[in-house]
Structures are given as structure tokens and as C-alpha cells.
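Reviewing the structure listed below.
The values are calculated or read from the model by the stated rules, or taken from the named source; none is laboratory data. On a predicted model such as this, the values are computed, not experimentally measured, just so you know. Every residue, glycine among them, receives a Cβ derived from its backbone with ideal geometry; neighbour counts consider all protein chains shown.
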């Protein structure tokens with residue numbers, strides 16, 4: 001099948017582009033090397049909607065960050081995604097930090113960030129009592145927020161599929177050939193052709209660019225960030241995202257609530273040789289623990305329920321690179337999208353649509369466009385429902401009365417729903433990220449086997465063929481008795 005637009009990568013940038021383009025009468029394909037949406041950097045990051053004071057004045061990053069932040073509330077409400085406009089604080093500990101905070105405030109104001117103000121020590125500790133007594137000031141950004149990044153990517157992709165887009169998974173691009181009508185994108189086994197190609201491949205944008213003979217004019221530096229996730233019992237440690245004053249490596253170790261009620265600590269920032277190196281190290285955990293205690297001395301790190309790491313695609317220019325290739329017409333680079341890529345994503349999508357329009361792509365709005373995740377509406381989990389909604393859900397489907405995950409109050413109805421969504425879940429990790437089953441205190445110790453049984457039943461496969469995250473990750477090897 002020939003597509004109008006082929007998007008490479010199903011992370012937050014790729015799914016946002018698909019979402020924005022699916023409003024028009026276009027044939028859209030998304031090819032993704034992983035088995036699911038948000039398989040790369042989008043799956044493991046700080047989940048923060050940055051206000052926009054950090055990016056250097058005049059950069060594309062600054063422009064899209066501020067605009068994207070302003071768009072996030074309405075977008076997440078439309079798609080039924082957890083989002084909290086909690087605000088953020090950059091905490092200062094001495095006169096040098098105060099000077100840097102004043103610079104950040106001025107930069108933010110130039111960038112167009114609204115409501116920035118500097119708090120003195122008294123205001124800071126009144127706002128966040130657990131912040132270190134040594135802190136003397138802070139930059140308060142009321143427009144900042146937090147979101148679940150992979151849930152946002154799921155919502156974007158599900159809406160795109162509902163409106164006609166096609167997703168190809170396990171599709172690792174190995175070659176791209178120019179054709180008379182556009183490009184042929186292949187993984188060695190299957191080929192997807194289209195008039196326009198958008199490269200939103202994250203860490204691998206440099207490799208994709210070389211395939212079309214248009215190397216990126218900068219280096220992508222893979223930086224690994226390690227994190228600790230604390231139990232929901234620690235959720236009141238801070239109400240806002242807490243940063244230290246940033247340095248040349250980035251925003252430093254932070255302490256922040258999540259949109260689902262946990263606390264995240266991290267990340268560090270270490271250059272790695274392998275783009276797929278998401279290992280967590282003892283040294284890394286010690287580093288982020290020390291950084292967290294500097295911000296919040298009484299933080300209960302013994303409440304860590306899991307640790308994880310992600311790799312960000314840091315451009316050597318420290319700015320986003322989003323433009324049509326000068327050498328290859330109709331090929332769009334969306335590269336160097338590091339933090340604040342998540343916050344910027346709605347604006348990135350619009351920016352790419354404008355590029356395509358200027359390049360000659362005809363954009364005619366659909367009259368039958370569906371704005372929610374599916375024709376039936378948003379996918380609301382049982383624990384998000386009102387008592388009235390729960391009663392109706394159970395009457396329609398008794399499986400909603402059976403709790404599978406006690407930590408997160410996830411029901412069998414939630415799990416079955418995830419398995420049959422527009423982009424279906426068929427591994428336990430895919431179900432976990434869509435429903436939060438296995439994300440609580442026991443980390444799947446009680447619910448994982450039950451989830452495997454449900455997947456096997458719904459897919460009609462033996463339970464020992466159910467996988468955790470894909471190839472060679474079978475949860476069970478066979479019967480023991």
C-alpha cells in the first residue's frame with residue numbers, strides 16, 4: 001500500500017505527528033523497531049512538562065517548549081490522559097545559585113513563560129516544607145506539570161489508528177530508497193512506501209539520515225539517566241517538581257511526584273557507548289540518592305519499589321533539529337529531541353504539519369474525525385471511574401468486579417480491555433503500561449501470573465507462550481505439577 005506519509009518511530013514525537021496528521025484525509029503509516037509504542041526514550045524519562053525557562057533564548061527548543069506546555073492541558077483532557085499542572089521549583093542553596101536562578105527567570109520571560117517568580121526562603125519552605133533547610137531561594141514556574149509519557153503516546157497512537165493510521169511493529173528500518181513517487185522504507189522483510197517520510201527515530205535519527213544520504217549536521221550523544229521510583233505512600237513528599245540549579249550536564253537530580261501518585265528520583269546523566277544501554281548501576285543509584293537527599297534530606301529512599309534507566313538523544317548543538325532535508329525532498333528530520341521533548345511534543349507535531357504543508361502536502365480536514373481514543377470514547381480505568389461509572393461498567397461487563405492487581409486496584413475488565421484496544425497488548429509489560437497492573441508495591445508479585453492467564457485466554461494460546469516483553473521472554477517455561 002502506498003501512503004501519503006510514513007513516520008519512522010513510535011515515540012512521543014512520532015505518535016504526536018501521527019495524531020496531528022490523522023485529522024486530515026491522508027494515508028499514514030508508522031513504522032517502529034520495537035514491539036510497542038513508546039519502546040525507547042518515551043518509556044523511561046522524568047515525565048515532566050517543563051515550563052520553558054531552561055532552553056536558550058531564540059532556540060527552536062525554547063519556542064516549542066513554551067508553546068507545547070501551554071497546549072498540554074487541553075490535549076490530555078481530550079484524550080483522557082493523567083496530567084497535573086503542579087508547577088516546578090528550581091532550588092538554590094547559595095548566592096551563586098541565586099544568580100543562576102535570576103538568569104533562568106529572565107530567560108524564561110524572554111521565552112514567553114508566564115507567572116515566573118523567585119521565592120525567598122520563607123515562601124519556599126511554606127510551599128514545600130520538606131525541602132532542605134539549607135535552601136535559600138527558588139524559581140517557581142506555575143505552568144509546569146507532570147504526565148505519564150507512555151500513556152500519552154498510547155492515547156495519541158490509539159486515536160491515530162481509530163482515524164485510519166496503520167502501525168507496523170518489529171519494523172527496524174534497514175534501508176530507505178528514493179522512488180519516483182517518494183520513498184521505500186524497508187526492514188529487510190517488508191517494505192512500506194510513501195510520498196513523504198518523517199524521521200522521528202530518536203537515538204537512531206542519525207542512522208536513518210545516513211540511509212537517505214543526508215547525514216545530520218551534528219552528533220547525537222546518548223546519555224543514560226537512572227531513576228528510582230518510590231511507593232505511593234511517599235507521594236506527599238513534595239507536591240511540585242523540585243530541581244537543583246542546573247549545570248552544563250543538564251537539570252541535575254530532581255525529586256518529583258508522578259501523575260499516578262508516586263515519587264520519582266533522578267536522573268543522572270552519563271554518556272554511554274551503546275544506545276540501548278539501559279542498565280542501572282549501584283554507583284548510579286548512590287549518585288541520585290545523594291542528589292535527592294540534598295533537595296529533600298528526609299526523603300524515604302527505603303520506599304523504592306523499582307529502579308530503571310532511559311537513554312536520551314542529546315544533540316551536540318543542544319537544540320532541536322526539525323526541518324525538511326535540503327538534499328532529499330519530502331524527507332523531514334525530527335532529530336535531537338531531548339528534554340523538554342515531552343513538553344514540546346504538541347508544538348512539534350504542529351511544526352511538522354506546517355513543514356509538510358509548505359512542502360506541498362495537501363491537507364484537507366476530515367468531516368468524520370474522531371477526537372477521542374476510539375469511537376466508544378476514552379479508555380478509563382476502573383480506579384479512575386466515579387461510583388456511578390463503576391456500577392455501569394460492572395453491569396455491562398462483570399469482569400470489572402474482579403480485582404487482579406490489588407496494589408493499583410486494576411480489574412480483569414481493565415486487562416481484557418487493554419488486550420483488545422486499537423493497538424493491542426499481548427505481553428504482560430504491554431498490559432502493565434496500559435493498566436498499571438504490576439506497577440505497585442509488589443511489582444507484579446501477585447498479579448503477574450493472573451495477567452498471563454488472562455492474556456492466554458483472550459489470545460487463545462497456551463499460558464507458557466505468554467511473554468513478558470517480547471521475543472525470548474516467556475513468563476513460564478512449562479508445568480511443574
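Looking only at region 199-217, decide whether some residue is assigned to a strand (DSSP E or B) and over 30 Å from residue 373 (Cα atoms).
Of region 199-217, the ones assigned to a strand (DSSP E or B) are 199.
In the following step, the residues that additionally are over 30 Å from residue 373 (Cα atoms) were identified as none.
No, that holds for no residue.
Checking the conditions here, which among 360, 336, 341, 349 is in contact with a strand residue (DSSP E or B) (Cβ under 6 Å, 6 or more places away or on another chain) and at pLDDT 95 or above?
The conditions single out 336.
Please enumerate the residues belonging to region 111-132 that are part of a helix (DSSP H, G or I) and in contact with a helix residue (DSSP H, G or I) (Cβ under 8 Å, 6 or more places away or on another chain).
111
Please enumerate the residues belonging to region 341-383 that are part of a helix (DSSP H, G or I) and free of Cβ contacts under 8 Å to residues at least 40 places away in the same chain. First the steps, then the outcome.
Within region 341-383, the first condition is being part of a helix (DSSP H, G or I), and the residues that meet it are 341-359, 382-383.
Of everything in region 341-383, those that are part of a helix (DSSP H, G or I) and free of Cβ contacts under 8 Å to residues at least 40 places away in the same chain turn out to be 354, 355, 357, 358, 382, 383.
If you check residue 72 against the conditions, is it in contact with a strand residue (DSSP E or B) (Cβ under 6 Å, 6 or more places away or on another chain) and closer than 30 Å to residue 431 by Cβ?
Taking the combined requirement at face value, the residue satisfies it.
Quick test for you: out of 22, 13, pick the one residue that is surrounded by fewer than 24 Cβ atoms within 10 Å (Cβ to Cβ), outside the structural domain of residue 264 (by TED's automatic domain parsing) and either touching a strand residue (DSSP E or B) at 6+ places or on another chain (Cβ under 8 Å) or at pLDDT below 95 (or both).
Result of the check over 22, 13: 22.
I want to confirm something. Restricting to region 138-153 and keeping residues that are assigned to a loop (DSSP other than H, G, I, E, B) and touching a helix residue (DSSP H, G or I) at 6+ places or on another chain (Cβ under 8 Å), which single residue is surrounded by the fewest Cβ atoms within 10 Å (Cβ to Cβ)? Don't jump to the end; show me each part of the working.
Here is the first cut: in region 138-153, the ones assigned to a loop (DSSP other than H, G, I, E, B) are 142-144, 148.
Add one more test, that the residue is touching a helix residue (DSSP H, G or I) at 6+ places or on another chain (Cβ under 8 Å), and what stays is 143-144.
Values: 143: 23, 144: 28.
Across region 138-153, the extreme among qualifying residues is 143.
Of everything in region 297-340, what is in a loop (DSSP other than H, G, I, E, B), buried (at least 17 other Cβ atoms within 10 Å of the Cβ) and under 24 Å from the mean Cα position of the chain (by Cα)? Give them in sequence order.
319, 320, 336, 337, 338, 339, 340 - these are the residues of region 297-340 that are in a loop (DSSP other than H, G, I, E, B), buried (at least 17 other Cβ atoms within 10 Å of the Cβ) and under 24 Å from the mean Cα position of the chain (by Cα).
Answer with yes or no whether residue 222 is touching a helix residue (DSSP H, G or I) at 6+ places or on another chain (Cβ under 7 Å) and under 30 Å from residue 185 (Cα atoms).
yes
Any residue in region 273-293 that is under 30 Å from residue 355 (Cβ atoms) and touching a helix residue (DSSP H, G or I) at 6+ places or on another chain (Cβ under 9 Å)?
If we filter region 273-293 for residues that are under 30 Å from residue 355 (Cβ atoms), which is where we start, we get 275-276.
Among the residues that remain, those that are also touching a helix residue (DSSP H, G or I) at 6+ places or on another chain (Cβ under 9 Å) are: 275-276.
Yes, region 273-293 contains a residue that is under 30 Å from residue 355 (Cβ atoms) and touching a helix residue (DSSP H, G or I) at 6+ places or on another chain (Cβ under 9 Å).
Which of the residues that make up region 185-216 are free of Cβ contacts under 8 Å to residues at least 24 places away in the same chain and closer than 21 Å to residue 273 by Cα?
Within region 185-216, 207, 210, 215 qualify.
Filter region 62-100 for residues that are within 18 Å of the chain's Cα centre (by Cα) and within 23 Å of residue 133 (Cβ to Cβ) and give the result.
Within region 62-100, just 86 meets the criteria.
Provide a single number: the residues in region 274-289 that are under 14 Å from residue 253 (Cα atoms) and in contact (Cβ under 8 Å) with a residue 12 or more places away in the chain.
Matching residues across region 274-289 total 5.
Residues being within 15 Å of residue 435 (Cβ to Cβ), out of contact with any helix residue (DSSP H, G or I) (no Cβ under 6 Å at 6 or more places or on another chain) and not in a strand (DSSP E or B): count how many of those fall in region 391-407.
2
Exactly one condition in (1) crowded, with 24+ Cβ neighbours inside 10 Å; (2) assigned by TED's automatic domain parsing to the domain that holds residue 279 is not met by residue 68; state its number.
Unmet for residue 68, out of (1) crowded, with 24+ Cβ neighbours inside 10 Å; (2) assigned by TED's automatic domain parsing to the domain that holds residue 279: (2).
Only residues that are crowded, with 19+ Cβ neighbours inside 10 Å and assigned to a loop (DSSP other than H, G, I, E, B): list them for region 425-476, please.
425, 436, 437, 438, 439, 440, 444, 447, 466, 475
What do you reckon, is residue 51 farther than 30 Å from residue 137 by Cα, in contact with a helix residue (DSSP H, G or I) (Cβ under 8 Å, 6 or more places away or on another chain) and part of a loop (DSSP other than H, G, I, E, B)?
For residue 51, the condition - farther than 30 Å from residue 137 by Cα, in contact with a helix residue (DSSP H, G or I) (Cβ under 8 Å, 6 or more places away or on another chain) and part of a loop (DSSP other than H, G, I, E, B) - is not met.
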